[in-house]
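Some notes on the structure that comes next.
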Amino acid sequence: MKVPSKSILSWCAALLVIAAVGTCGYLVYDRSGRAEARATGDERIGLYASTLDQVVERFRTLPFVLANDEGIHRMLQAPTDRALIDRVNRSLAALATAAGADDLYIMNASGLTLAASNYDQPKSFVGENYSFRPYFRDAVEHGRGQFFAIGVTTGEPGYFLSRPVWRNGTLLGVAVVKISLEGLEADWRSAGSNIALADNRGVLFLASPPNWKYRPIRPLSETERADIRRSMQYSGISLEGWPLLKHAQSPANGDVVKIEMADNEQHSFLVTRSDLEGYGWTLYSFTDLAPIRHAAILAGAASALTAAVLLLLFLWWRGRRAALRAKLDAHDLLEQRVTERTQELVRANDSLSREIEDRRRAEEALKRAQDELVQASKLAALGQMSAALAHEINQPLAALKTTLASAKLLIRNGATERAAATVATIDDLVARMSELTQHLRAFARKDFGEMEPVDVTVVVQRALALANARLGAEGVRTVIDMPAGGVMVTGNATRLEQVLLNLLSNAADAVSHARERMIAVSVMQNDDQVQVGVADTGSGIAAGDMASVFDPFFTTKQVGKGLGLGLSISYAIIEDHGGRLRAQNRDGGGAEFSFSLPLAQAAAPAVTALGA
Ligand code: ADP
């Protein structure tokens, strides 16, 4: 089974709450409306009962007064005396008009009417016998009678009050007053109330709704109907008609009954009743519940609407609070993530700092090792060069010896001019030797000093000057191609010289067994770069060695001949100068090593031409 989502459930709950509040609102209002209606009904019934009492009380003593009237006594004792009857007739008519009673009349002991206030009217009671009426029997048997009935003679409904007329223990007759209660009915109707007065059997003989009149409030039994017929209480009216209510019993106080009204609609009424003691009647008030129900429906709807508005407000507030909480949570999460990330970064930074420190130390160690290697390489170069140097120095020394001897001879022979020329040659030889020693001193120094403007062509010339002795000895031809005006770079002359010397030395080694022994040195300036190359006609570099020639301790030379450091040191020096050393084989055979350096900005060269 599919589980309904949370929002559907909460909407259902909200609808239930609204419906419950609406129903409660309806019920509360309906109940209070009914209670109010009942209270109003009670009040109304009390008022109408007392009004009825007042109307009747006004006449209650009238039959008693008549029963004690001397003239009436006399008339009843002499029923054939026309003059007496006439007098009584007139005085009854005058009294009825003065008191406001419908009719006043006097019956003899057998119920025959002898005198009446309406004696002169077409429907006069005079001559009629009313002994069948209960008020006659009640007056005779119980001393008083009262009875509501429709007049058999006039057809007018009225309330009959009767008293017996006694004279010295003999019943002379019965005095009766008939009063109309129709005025009450008119009052009820004008007040807009549904009021009805029922007799002891439940027949509504007074009712503000016209079509309720003379209808029994409940179904009458056959006996009851026979009794009514016998007393002719409602003569001319058929009581066979439909009862107002279907219930077997008359409605009790507070009952709700349904009655079909003039609009043919069933209306619900709240019943308030009051049993009128002394009359045997019941006064009913029927309060229409439709307005109360309408008001209760309105109240229920208003309650439901208020509940809906409050619920919507609550849901809105809750949604807002949830959104706010989610925002705060997201903010907290973000903060937590930022904190975590910061911690990670701090850790990464620490480890990076450690790594940098490690690298710095390694670099220092490498630099130290490199410097030491440079030194070692120089010493090796010195060792290699020592033989050549010995030859180089021995040669001028031998020449010096010979030149000095010839100078001595020339001075001794007085040839001073030729002697002076010889001394000049000696001077040249001495200068050449001092130059050689200067180079060696510079090369042996470990600290190469500052970077400064250097003329590359001069550096090349100095390296060639150092290598020349060997190259000359081994019959190697050198081809030099350099711009005449010099080319300035920023660097360290001694270290660049060391590179060139190393390249020349390697080239010399490479061509040592070749047929054509030639080394070409070139310096070319293009744009902001200077390109320096040393090419030879040797055997070139084997394909498998090409990738390794710059590696430290890589050598193809015999043990004792090469350390395998020259190119790796040269590579590092060129890199320090912002250039790159490259190796390649030439098309025609042999190898070429080249590098390019950025041209210097400064003008004045610090290292000048050889011998300058
Ligand atoms: P070493 O000269 O002590 O061997 P280098 O680092 O100077 O050390 O040279 C390394 C190797 O590079 C040499 O042993 C050689 O095999 C090769 N090499 C260097 N220069 C040349 C060249 N001009 N021609 C051919 N091979 C060369």
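The values are calculated or read from the model by the stated rules, or taken from the named source; none is laboratory data. Bear in mind the structure is a predicted one, so any value in this text is a computation, not a measurement. A quick note on method: Cβ atoms are made from the backbone with ideal geometry, for glycine too, and the neighbour counts reach across all protein chains shown.
Results, tabulated for the structure shown:
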item: Any chance A463 is closer than 23 Å to E450 by Cβ and within 15 Å of the ligand (Cβ to nearest atom); result: yes
item: Residue count, region 155-175 (criterion: modelled with pLDDT of 95 or more and β-branched (V, I, T)); result: 2
item: Matching residues in region 515-559 - criterion: being in a loop (DSSP other than H, G, I, E, B), in contact (Cβ under 8 Å) with a residue 60 or more places away in the chain and within 11 Å of the ligand (Cβ to nearest atom); result: P552
item: Residue in region 269-290 that is under 23 Å from T40 (Cα atoms) and assigned to a helix (DSSP H, G or I) present; result: yes
item: Meets criteria (crowded, with 19+ Cβ neighbours inside 10 Å, at pLDDT 95 or above and either closer than 19 Å to G590 by Cβ or away from the ligand (no atom under 12 Å from the Cβ) (or both)) for L503; result: yes
item: Selection count where residues are modelled with pLDDT of 80 or more and touching a Ser or Thr at 6+ places or on another chain (Cβ under 9 Å), scope region 372-398; result: 0
item: Whichever residue in region 41-52 is exposed (fewer than 15 other Cβ atoms within 10 Å of the Cβ) and touching a residue at least 12 places away in the same chain (Cβ under 8 Å) and, among such residues, is farthest from T113 (Cα to Cα); result: G46
item: Considering residues of region 560-598 that are on the phi > 0 side of the Ramachandran plot and more than 10 Å from the ligand (Cβ to nearest atom) only, the residue modelled with the lowest pLDDT; result: G560
item: Hits in region 65-95 - residues which are assigned to a helix (DSSP H, G or I) and surrounded by fewer than 16 Cβ atoms within 10 Å (Cβ to Cβ); result: V65, E70, G71, R74, Q77, R82, A83, D86, R90, A94
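Rundown of residues vs (1) closer than 30 Å to S193 by Cα; (2) part of a helix (DSSP H, G or I); (3) touching a Pro at 6+ places or on another chain (Cβ under 8 Å); (4) free of Cβ contacts under 8 Å to residues at least 12 places away in the same chain, yes/no style:
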{"position": "A39", "(1), (2), (3), (4)": "yes, yes, no, yes"}
{"position": "V55", "(1), (2), (3), (4)": "yes, yes, no, no"}
{"position": "Y119", "(1), (2), (3), (4)": "no, no, no, no"}
{"position": "K123", "(1), (2), (3), (4)": "no, no, no, no"}
